[in-house]
Amino acid sequence: MDRFVDIKQRELATVIVSCALVTSLIATLLSWTWLPIPAYTAKIVALCALIHSLVAIGIAAQQLIALTRAHIHPHRTQVMQYILFGSIANPQSPITDVNAGSGWRHFSWQIPTMLLGNSIVLTLITLGIAVFDEERKAAVWGTETVTALCVAVSLSFGVGCYFISWFCIEWQMQEAIAKDL
């Protein structure tokens, strides 16, 4: 249990710092005047990225505080089991006897990480929209078109790698949990 709390606290701290970086990037992109004025859709997507990032910071901070409070409680094992599984199980009982908790409970612990991922993808989409909007305004193959094509390839590769990585890791995690590894 102590190992889980330590790892989860580090994960939440990483999410908070990463979301703060994404938030500052979005705020900077929205405030700098030297960037071309992007389409309104880019601004909408940027604001969505900002919202996801800020909400992730709030939820991660809330979970970090809850874990810390539970971890310093005199009966921390029982409190942690109740938080994670919804019931107080006997620590000596086999894993099959422990109430595994609801899907919502497991999902809720992943929300900050998922929102961070969403905000990063939305930031990339914002940049893509801004570049493609400039290309749309260009009448001939110029630097805007070449830039748009390069960004399209980069975005496709980056977002594709992100989702492949996420799905593979998630599937492996679910298989390991199902096998009680």
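Overview of values
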| quantity | calculated |
| --- | --- |
| Residue check for Ala148: farther than 12 Å from Ala49 by Cβ, among the hydrophobic types (A, V, I, L, M, F, W, C), at pLDDT below 75 and surrounded by 14 or more Cβ atoms within 10 Å (Cβ to Cβ) | yes |
| Qualifying residue in the stretch 104-118 (condition: of a type in the set (D, E, K, R), modelled with pLDDT under 70, surrounded by 13 or more Cβ atoms within 10 Å (Cβ to Cβ) and assigned to a helix (DSSP H, G or I)) | no |
| Residue that is modelled with pLDDT under 80 and not in a helix (DSSP H, G or I), where the choices are Ile83, Ile88 | Ile88 |
| Any chance Leu21 is aliphatic (A, V, I, L, M), in contact (Cβ under 8 Å) with a residue 24 or more places away in the chain and assigned to a helix (DSSP H, G or I) | no |
| Residue check for Val22: at pLDDT 85 or above, surrounded by 15 or more Cβ atoms within 10 Å (Cβ to Cβ) and either of a type in the set (Val, Ile, Thr) or more than 15 Å from Leu116 (Cβ to Cβ) (or both) | yes |
| Some residue of the stretch 119-135 being surrounded by 16 or more Cβ atoms within 10 Å (Cβ to Cβ), within 21 Å of Phe4 (Cα to Cα) and at pLDDT 70 or above | no |
| Identity of the residue in the stretch 25-43, touching a helix residue (DSSP H, G or I) at 6+ places or on another chain (Cβ under 7 Å) and not in a helix (DSSP H, G or I), that ends up modelled with the highest pLDDT | Ala39 |
| Condition broken by Gly101, with the remaining ones in (1) within 30 Å of Tyr162 (Cα to Cα); (2) of a type outside the set (Asp, Glu); (3) at pLDDT 80 or above; (4) surrounded by 15 or more Cβ atoms within 10 Å (Cβ to Cβ) satisfied | (3) |
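The values are calculated or read from the model by the stated rules, or taken from the named source; none is laboratory data. Only a predicted model underlies this, so the values are computations on that prediction, with no experimental measurement involved. No Cβ is skipped: glycine too gets one built from the backbone with ideal geometry, and neighbour counts run over all protein chains shown.
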